[in-house]
1. Using Cβ counts within 10 Å as a stand-in for footprinting exposure, how do ILE148, ILE207 rank, fewest first?
2. Order these by the 10 Å Cβ neighbour count, fewest first: ILE206, ILE81.
3. Going by C-beta contacts inside 10 Å, put CYS198, CYS102 in order with the fewest on the left.
4. What whole number of Å gives the distance from the Cα centroid of segment 69-120 to the Cα centroid of segment 195-209?
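What follows is calculated from the coordinates using simple rules that are stated; it is not laboratory data. Note that the structure is a prediction, hence the values are computed from the model and not measured. Cβ: placed from backbone, ideal geometry, glycine included. Neighbour counts: every protein chain shown.
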Amino acid sequence: MDLDRRDLLRWLGVAGGGAAAATLGACGGSSGGGAGDARDPDGGAGPDAAPGPDADPACRPTTGDAQGPFFEDGAPMRTAIAGEAEPGTRLTIDVEVLAEGCAAAAAGVLVDIWQADRDGAYHGAGKDYRLRGQVVAPADGRFTLETIRPGNYALGVDAWRPAHIHFMFAHPDYAPVTTQLYFAGDPYLPPNDGCTTCGSDDPDRIIALVDDGAGGLRGEVRFVLRPR
Ligand SMILES: [Fe+2]
């Protein structure tokens, strides 16, 4: 079953799609009995993980962001999130997962990754977990994702989300984090993100993409996890 804008609007509690900005402000706020962080319905890093003003900018703990409605358990273990036939601009992302302080890798962390296709639609388990995968961070915390650049998707009338990839980090020794990765230059980054409670204003999670010399794009990102 494809997951599309209707699913998103249903999740948002928007009937008919005539969403106003105020309604869209609930984008990350449907956590109900969750951790109480509108940015992080899944109980991720949340406001307690907000970096202090003196934190090394290259080593600030990763902040949480809305999980959204499209997470699914059981994605295959793979770094090739997009298959070879997946339409779209190829995107390679070098990922580094470190422990707070950045002196050591957060080896063994289970990283769940999911994203929309180039047209902004999500696909579920019934679609062979298209554009989804899980990775266990290796000893050096580094791995490379092979995917496509996700598309923007609408939240309602004249309200769009910046393109993003969802990440979820889990390990007994680290506080769980559910977050999103964004791309510099996206016209729907704040102040234009239709999800007014999402965390797309965190510069640590907005990465620059460069031409990879082969018709695709490449970027890199570091995630920093706090110990429990
Ligand atoms: Fe999303």
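1. On the way: ILE148 21, ILE207 18.
With the fewest neighbours first, ILE148, ILE207 line up as ILE207, ILE148.
2. Working: ILE206 19, ILE81 26.
Least to most surrounded, the residues fall as ILE206, ILE81.
3. Numbers: CYS198 26, CYS102 16.
Arranged by neighbour count, lowest to highest, CYS198, CYS102 become CYS102, CYS198.
4. That distance is 17 Å.
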